[in-house]
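These notes are about the structure you will find just below.
The values are calculated or read from the model by the stated rules, or taken from the named source; none is laboratory data. All values derive from a computational prediction rather than experimental measurement. So basically every Cβ, Gly included, is an ideal-geometry build from the backbone, and we count neighbours across all protein chains shown.
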Amino acid sequence: MADAQQAPPEPRRMFIDGARAAGDVGLASFGVQLPWDWRRSFLGGALSGHWDAHIAHWRAPAGTAASERRSWTQLALVPTLRLRFDGGRSAWFMEGGIGVSVLDGHYATRHKTFSTRFNFTDHQGVGFNFGARRQHEVMLIVRHVSNGGIRKPNPGEDFVQLRYGLAF
């Protein structure tokens, strides 16, 4: 527990990211990470948590949408756990979270149709911090969005994201 308590606390961050799904659906988002006042030693590292709140814009390429609508806006709130290695001193970390999201309309492409606007969103990622005060952050994330079986069809959409964050 002492190592985790001695490591610097996670700062608030704002971030932007871009992503792509298998059907060439693109995603761009902006959000904030708001740290919890909670930290534990875990597997030789420091486990902490934060809220990941973001707004995302999804866009389907021309000719792939099921109707004339080709874009959707998503709001999401995801409680997230982060494991920073080496007692919390490492620049490297991994994280994962699951939360809720809502789209401004029903998502439908020629390949997938969501039955609900409300969905769950989960992600797993690996990243590192850099800069004089480790204020910069880069992450590679795999994100899944689906309604968790609330209603069919429930094909879900999987994104691979690249995120840049800046502490504030």
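Can you tell me which residue among 120, 85, 93, 30 is at pLDDT 95 or above, under 19 Å from residue 141 (Cα atoms) and over 19 Å from the mean Cα position of the chain (by Cα)? Before you say what the answer is, go through the steps one by one.
On the way: 120 fails: over 19 Å from the mean Cα position of the chain (by Cα); 93 fails: over 19 Å from the mean Cα position of the chain (by Cα); 30 fails: over 19 Å from the mean Cα position of the chain (by Cα).
After applying the criteria, what remains is 85.
Do you know which residues across region 125-168 are in contact with an Asp or Glu (Cβ under 7 Å, 6 or more places away or on another chain), among the polar types (S, T, N, Q) and over 30 Å from residue 108 (Cα atoms)?
129 - this is the single residue of region 125-168 that is in contact with an Asp or Glu (Cβ under 7 Å, 6 or more places away or on another chain), among the polar types (S, T, N, Q) and over 30 Å from residue 108 (Cα atoms).
Only strands (runs of 3 or more DSSP E) wholly contained in region 1-103 count here; list those with 2 or more residues that are crowded, with 17+ Cβ neighbours inside 10 Å and of a type in the set (S, T, N, Q). Write out each step before concluding.
Details: elements: 13-21, 26-42, 45-59, 71-84, 92-103.
Per the criteria, 26-42, 71-84.
I'd like the full set of residues that are in a loop (DSSP other than H, G, I, E, B) and surrounded by 15 or more Cβ atoms within 10 Å (Cβ to Cβ), limited to region 116-143. Don't jump to the end; show me each part of the working.
The initial filter retains those residues of region 116-143 that are in a loop (DSSP other than H, G, I, E, B), namely 116-117, 131-135.
Correct list: 116, 117.
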